[in-house]
Amino acid sequence: MDGSPEDQQFRLNPEDERAVDALLEHGLNPDDALTDSPVARLLTLLATPLGDEQPDVLADLTVLRARQLSAEPELTRRDADALDAWVMHGYDSSKVPAALRDRAQRLDKLAASATAADAGSSDLIERTLAHVQSHIDAEEERLEVRPSAWSRFRLADIVSVAAALLIGVSIVWPAASAVRSQQSRIACASNMQAAGAAMGLYATANHESLPMATASFGGTWLDVGTTPERSNSANLFTLVRTGHVPMEGLACNGNPTAATDPATPDQRDWHNLPEVSYSYQIVAGWRPAWRERTDSGKPAIVLADRSPVVRRAVEGKPIDPYAGSPNHGDARHHVLRTDGTAEYLNSPVVDGDNIWLPRVIELILKDIETREGLTIRGSERPVGPGDVFLGP
């Protein structure tokens, strides 16, 4: 800025004055008016969509949008009905009644956007704010327009509103992701309850026994999709085959490869291991009856979110006997007991028994806690009452 010390408080230097005049002449469009000046660089940084709008009106709209971020959202009645129908039909808008399908399709898009927002968003926010601050720090002098109709709207105000909007988005995305995760867990718990009811009906008609396709195994229980003699999952599939539960009722939303299409009339098992969402008590060896209790006096666990141990063993990878199910991406998992109750646990060790392992490996594990590379071959058996051992 030029002139006396008093003038320096109110005037821009000649270059910036010409830049601002050009900006005003071109309808506040920095792309048409400016080339390489502090004003042009700052407006480019902020990507301010001025165009032909009046700045007073734009300022009011920007502040109004910022305030709306703090307003408590409320769904219309039809949107609420669409959300309920969307969740009830497994987050698939194609299954929602036609009257609500267009609104459910919008929920599909929102859910896809929430999934795309990953853990890197916080780093992006920090880098963006740091980038904005670096440009502000580079301008040692405050840029103020001479008293006029434009003087009430400063570029510093734009920076503040942009920062507020950015912070607001950083809060909204994680919240939306958390809601979606919570809905997935609720749907999975509902599946567990439905499976428990189906097992109770099956047991009533079959002398209190658990669903079973065959009582013997041909050396392994890991070969999903082959024959019932070589696949433990075929025993759980009995509930689908006998019509006690639909295929999608045994498909967890946390398993992206879960089979949800109706079973064919002659189908006796899932086609492959990735399609299986839940691990079922190995029926070779000790198998509890429905409503049976373990040595601890509690109902036995007979079903859980898919085992991480079996999955990694089949892939030839070292196993972690204390890992949580991959269905929900954390260290927790749902389980179903022989009294029909479902729980959400944070450890596979229940009453001293690891539900992912047979007793023989549990005993070895106590002596070699730090050893890696334990494997499951498919020939292991539960050794007796209280040895909960779940598999595909």
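For ASP367 and HIS271 in the same chain, what is the full-extension length gain: residue separation times 0.36 nm, less their Cα-Cα distance, in nm?
30.8 nm
Can you tell me which of 188-200, 230-242 comes out highest on packing, and rank the rest after it, using the mean Cβ neighbours within 10 Å? Numbers along the way, then the final one.
Details: 188-200: 19.7, 230-242: 23.9.
Highest-to-lowest ranking by the protection proxy: 230-242, 188-200.
How far apart, in nm, are the 7 Å Cα→Cβ label points at LEU75 and GLN183?
With each label placed 7 Å out from Cα toward Cβ, I get 0.7 nm.
Would you mind calculating the relative contact order of the range 184-391 from Cα pairs under 8 angstrom and at least 6 residues apart, reporting the percent as a whole number?
Relative contact order of the range 184-391: 22 percent.
Between ALA130 and GLU17, what length comes free when the chain is fully extended (0.36 nm per residue of separation minus the Cα-Cα distance, one decimal in nm)? Let's see the in-between values first.
Details: separation 113, 0.36 × 113 = 40.68 nm, distance 2.81 nm.
Extra length available between ALA130 and GLU17 comes to 37.9 nm.
How would you rank ARG268, ARG337, ARG127, going from fewest to most other Cβ atoms within 10 Å of each one's own Cβ? Write out the running numbers ahead of the final one.
Details: ARG268 17, ARG337 22, ARG127 10.
Arranged by neighbour count, lowest to highest, ARG268, ARG337, ARG127 become ARG127, ARG268, ARG337.
If each residue's Cβ is checked for other Cβ atoms within 10 Å, how do PHE217, PHE389 rank with the fewest at the top?
The most exposed by this proxy come first: PHE217, PHE389.
Go ahead and collect, in residue order, the members of the range 241-274 whose backbone nitrogen is under 15 Å from a label point 7 Å along the Cα-Cβ direction of THR227.
Residues 268-269 fall inside that zone.
Cross-link candidates for LYS298: which lysines have Cα within less than 26 Å, leaving aside residues fewer than 8 places away along the same chain?
Within reach: LYS366.
Would you pull out the residues with amide H under 5 Å of ILE319's amide H, same chain only if 5 or more places away, H placed 1.01 Å from N?
GLY373, LEU374
A short reminder: the numbers here are calculations on the coordinates, not readings from a lab. These numbers come from a predicted model, not from an experiment. Note that we place each Cβ from the backbone using ideal geometry, even for glycine, and neighbour counts take in every protein chain shown.
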